[in-house]
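Note sheet for the following structure.
What follows is calculated from the coordinates using simple rules that are stated; it is not laboratory data. Not measured: the values here are computed from a predicted model. Ideal geometry is used to build each Cβ from the backbone, glycine not excepted, and the neighbour counts take in all protein chains shown.
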Amino acid sequence: MSHFPGTDRYASPEFDYDRAGTLDALAGGRELAAVTGEELDKMGNIELRTWATLLGAVGDAKADVYCYEPSWHHGNAVVEWAV
């Protein structure tokens, strides 16, 4: 998950948001499409908008989050939906 691509804030990702705002929400079955554009803009994470298509396909299945590893400008996660 990248944050603030193409801006001077690119090297300052919102790792806490990745963990609690996104990965914990997916593991709990939260519908990512319910996250507002304002919330995503605040965290600089515009790519999550494209995930809504995938999540529409998996329905209300909860995600298994296997790992999350932050780097200097983004976080890498391995997530699976058993459908």
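A few remarks follow.
- Net +/- balance of residues flanking Met43 in space, Cβ distance below 13 Å, scoring K and R +1, D and E -1: -3
- Cα-based shape type of region 15-81, given that a ≥ b ≥ c are square roots of the gyration tensor eigenvalues and the cut on a/c is 1.5: oblate
- Here the relative contact order of the chain, from alpha carbon pairs under 8 Å that lie six or more residues apart, stands at 37 percent.
- Extended-chain gain in nm, criterion 0.36 nm per residue less alpha-carbon gap, Ser12 and Trp81: 21.9 nm
- On Cα atoms only, tilt of 48-58 relative to the major axis of the chain in degrees: 10 degrees
- Residue-averaged [θ]222 nm for the chain, counting only DSSP H segments that reach four residues, each worth -39500 (n - 2.57): -7000 deg cm²/dmol
- At full extension, Asp60 and Arg19 could sit 12.8 nm farther apart than now, given 0.36 nm per residue minus the alpha carbon distance.
- Cα-projected label distance for Trp72 with Asp41, points at 7 Å along beta-carbon direction, nm: 3.0 nm
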